[in-house]
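Written out below as structure tokens is the structure these notes cover.
The values are calculated or read from the model by the stated rules, or taken from the named source; none is laboratory data. Here the structure is a predicted model, which means the values were calculated and not measured. Here Cβ is always computed from backbone atoms with ideal geometry, including for glycine, and neighbour counts include all displayed protein chains.
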Amino acid sequence: MPEALTKKQFDILEIYAKSGVNHSQRELGRITGYSLGTINKLIKELTQMGYTDGDKITDAGLLALEPYKVKRAVFIAAGFGSRMIPITLNTPKPLVRVHGVRIIDHLIDACLEVGIEEIYIVRGYLAEQFDQLLYKYPMIHFLENPMYNEANNISSAMIARHLFSNAYVFEADLLLADPSIITGYHYTSDFLAIKKQRTDDWCFVVKDGVIVSEKVGGDGDDIWQMVGISYWNKEDGEKLSDDIETVYTSPGGRERYWEQVPLVYKKDRYKVRIRECAEDAITEIDTFNELKAIDKTYDV
């Protein structure tokens, strides 16, 4: 069993694994934000552990990264998208085209680019339309959510709850501009978030990098706007499998949002970190007017 990595060791080893080429210590410092002294120390540690040979990652290093490898991606895509009417009357929101490309394609392409090929889509509204994805993405597995119109998105998580270990969980209607935010390795469970001084959207209150509460709207130095992309490690994914079912089957459970399971109702069992995201890296198109503002072909 490989020795567990510290977060800083992981960051350096992941860069080696992702690029496959040697980086100068100055370049590694620029990428990670660590000092040159820290970089030098980390390289020595990783070399002594046999995980690098000074120039590139070794087979032992790849084995050490294996527990952190993303195994699969789960897309929550069953909803109606009522605020996008009229376009969603005939098309599920993730399949709406922006500048000629379906919204969900950018997310799937980013997963495939880093080697995540086990892909599940939980569908409900106009479910058969998602079959068109199979022409481009034959590896996709579909999961059917018959409760999409009677319960909140926790019903989709209920369908896919056994797949959350070592997995990304995506809201399927996010327009991705920076595919590099999807990585093939992940150190710990986290939620993508944007640092804000003030927001009216769903946000996290964060202390020392850890989410301590979720709410709608907030201001202050500890506020981070939620982005609907999260990652769950093996341990947390296994806990979610049980906890999602417990919350879903409790009184009022069907009205919950799925992320409230680890962040609100069972938060004492999890330590979920935030992962910073640039504001222009991803866009949630909430309304038809917002779609028209982004893609003028709809503004007719």
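Some values worked out for this structure:
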quantity: Qualifying residue in the range 186-208 (condition: in contact with a Cys (Cβ under 6 Å, 6 or more places away or on another chain), free of Cβ contacts under 8 Å to residues at least 40 places away in the same chain and part of a strand (DSSP E or B)); calculated: no
quantity: Filter result for residue 297 (in a helix (DSSP H, G or I), of a type in the set (Ser, Thr, Tyr) and either at pLDDT below 95 or crowded, with 19+ Cβ neighbours inside 10 Å (or both)); calculated: yes
quantity: Number of the condition not met by residue 123 [criteria: (1) surrounded by 15 or more Cβ atoms within 10 Å (Cβ to Cβ); (2) in contact with a Lys or Arg (Cβ under 8 Å, 6 or more places away or on another chain); (3) not aromatic (Phe, Trp, Tyr)]; calculated: (2)
quantity: First in the range 38-53 and of a type in the set (Phe, Trp, Tyr), second anywhere and in a strand (DSSP E or B) and modelled with pLDDT under 90, Cβ under 9 Å, 6 or more apart; calculated: 51/57
quantity: Members of the range 236-261 found to be under 26 Å from residue 182 (Cα atoms) and either surrounded by fewer than 17 Cβ atoms within 10 Å (Cβ to Cβ) or touching a residue at least 40 places away in the same chain (Cβ under 8 Å) (or both), listed by number; calculated: 236, 237, 238, 240, 241, 244, 257, 258, 259, 260, 261
quantity: Search result, residues across the range 211-254 that are of a type outside the set (Asp, Glu) and in a loop (DSSP other than H, G, I, E, B); calculated: 220, 233, 249, 250, 251, 252
quantity: Only listed residue being assigned by TED's automatic domain parsing to the domain that holds residue 288, loosely packed, with under 13 Cβ neighbours inside 10 Å, within 30 Å of residue 127 (Cβ to Cβ) and not charged (D, E, K, R), chosen from 76, 85; calculated: 85
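The rows are residues; the columns are (1) at pLDDT below 90; (2) in the same structural domain as residue 115 (by TED's automatic domain parsing); (3) exposed (fewer than 12 other Cβ atoms within 10 Å of the Cβ); (4) farther than 24 Å from residue 189 by Cα.
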{"site": "12", "(1), (2), (3), (4)": "no, no, no, no"}
{"site": "18", "(1), (2), (3), (4)": "yes, no, no, no"}
{"site": "23", "(1), (2), (3), (4)": "yes, no, no, yes"}
{"site": "32", "(1), (2), (3), (4)": "yes, no, no, no"}
{"site": "35", "(1), (2), (3), (4)": "no, no, yes, yes"}
{"site": "38", "(1), (2), (3), (4)": "no, no, no, yes"}
{"site": "45", "(1), (2), (3), (4)": "no, no, no, yes"}
{"site": "53", "(1), (2), (3), (4)": "yes, no, no, yes"}
{"site": "61", "(1), (2), (3), (4)": "no, no, no, no"}
